[in-house]
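Engineer: What follows is a structure written as structure tokens; I'll ask about it next.
The values are calculated or read from the model by the stated rules, or taken from the named source; none is laboratory data. All figures in this text were calculated on a predicted structure; none of them were measured in a lab. Cβ: placed from backbone, ideal geometry, glycine included. Neighbour counts: every protein chain shown. The protein model used for the area step is the full one, side chains on, heavy atoms only, and it has no ligands, DNA or RNA in it. Shrake-Rupley method; radii C 1.70, N 1.55, O 1.52, S 1.80 Å.
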Amino acid sequence: MDSTPAAWSNADAYLAELLVGHDPHLESALSAQRDAGLPEIEVAPVGGKMLNLLARISGARRVLEIGTLGGYSTIWLARAVGPEGRVVTVEAEADNAAVARASIDAAGVGERVDIRIGRGADVLPTLVGGFDLVFIDADKESNTVYLDWAAKLGHPGTVIVLDNIGREGEIVRADSTDSKVVGTRDALRMLGEDPRFDATALQTVGAKGWDGFALAVVV
């Protein structure tokens, strides 16, 4: 079989059907996001399940999400932390936050989720630390700012997931003028050089194209 975007999407759909299945609350959250005209940049179902598993494996009870969008990944994380856990999620756009709040509440995990509206650089300094897992999926230009705050608000052992690091392979281009690529390269360099982190990264193909994520732990 040829390695094509169509083949990647078909394989992703197969894995999602087999390992994730159908979930009315998650599917409703995606429908609400589409109806509101939000961009289709949420994690894929298999990515949402991965976040859920990482939170459960690490025993996370306090999770920080930077970039709420329509609340799809937030629901996955809120389910993982359990009834006594909490997710603080930061969203720059009030309209997005309203869509997310309705979907999160409809999914039955509203009491676990605190949505903070504002730019990450403004909101993060106001938070109380002690987060066990941080998921970064916001503007790529600010990735290093978000990583710095993830370390400050975490503790030794905090898991960090930085999404969208593949950038269609453009991350290898030191001469790129794409601000998202530049921000991603800066973040990857920070993860490799900053002694607060121990990290790796994987490129992926699937329904979201050629992309990837970095996985780190605060040391």
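Engineer: Once you order the gyration tensor axes a ≥ b ≥ c over the Cα atoms, which shape class does the stretch 173-219 get: rounded for a/c under 1.5, otherwise prolate or oblate by comparing a/b with b/c?
Structural biologist: Since a/c reaches 1.5 but b/c is at least a/b, the shape of the stretch 173-219 is classed as oblate.
Engineer: So, one more: Relative contact order of the chain: what whole-number percent is it, with Cα pairs under 8 angstrom and at least 6 residues apart?
Structural biologist: That works out to 19 percent.
Engineer: Additional query: Please compute the length gained on full extension between Leu53 and Ser179, using 0.36 nm multiplied by the number of residues separating them and subtracting their Cα-Cα distance.
Structural biologist: Stretched out fully, the Leu53 to Ser179 stretch lengthens by 42.2 nm.
Engineer: Need one word for the chain: rounded, prolate or oblate. Basis is the Cα gyration tensor (sqrt eigenvalues a ≥ b ≥ c); a/c below 1.5 gives rounded, then a/b vs b/c decides.
Structural biologist: In terms of gyration-tensor shape, rounded.
Engineer: Quick check on the chain: helices-only [θ] at 222 nm, where DSSP H runs of length 4 and up contribute -39,500 (n - 2.57) each and the sum goes over total residues. Nearest 500, please.
Structural biologist: So the calculated ellipticity at 222 nm is -13000 deg cm²/dmol.
Engineer: If you place +1 on the Cβ of every Lys and Arg, -1 on the Cβ of every Asp and Glu, and leave all else neutral, what size is the dipole of the chain about its Cα centre, to the nearest 20 Debye?
Structural biologist: It comes to approximately 580 debye.
Engineer: Just to be sure I follow the rule: in the chain, considering lysines 8 or more places apart or on different chains, how many pairs have Cα atoms under 20 Å apart?
Structural biologist: Going through the chain pair by pair, I get 5.
Engineer: Order Arg167, Arg173, most accessible first, counting only protein heavy atoms with a 1.4 angstrom probe.
Structural biologist: Output order, biggest surface exposure first: Arg173, Arg167.
Engineer: Could you compute the longest span of the chain free of GluC sites (Glu not before Pro) located in DSSP loops and having at most 16 other Cβ atoms within 10 Å, not counting the site residues?
Structural biologist: 94-219
Engineer: Quantify, in whole percent, the carbon and sulfur part of the accessible surface of the chain (1.4 Å probe; protein heavy atoms only).
Structural biologist: Carbon plus sulfur share of accessible area: 55 percent.
Engineer: Take the alpha carbon gyration tensor of the stretch 111-166, find the square roots of its eigenvalues, order them as a ≥ b ≥ c, and report rounded if a/c is under 1.5; if not, report prolate when a/b exceeds b/c, else oblate.
Structural biologist: Judged from the Cα gyration tensor, the stretch 111-166 comes out rounded (a/c under 1.5).
Engineer: Excluding ligands and nucleic acids, what accessible area in Å² is computed for Val123 using a 1.4 Å probe, to the nearest 10?
Structural biologist: Val123 exposes around 20 Å² with every protein chain in place.
Engineer: Here's a follow-up. Where only protein heavy atoms count, and the probe is 1.4 Å, what is the accessible area per residue for the chain in Å²?
Structural biologist: On a per-residue basis, 48 Å².
Engineer: Specify which residue in the list Ser179, Ser58, Leu38 is farthest towards the positive end of the charge dipole of the chain, using unit charges on the beta carbon of Lys, Arg (+1) and Asp, Glu (-1), about the Cα centre.
Structural biologist: The one lying farthest along the dipole's positive direction is Ser58.
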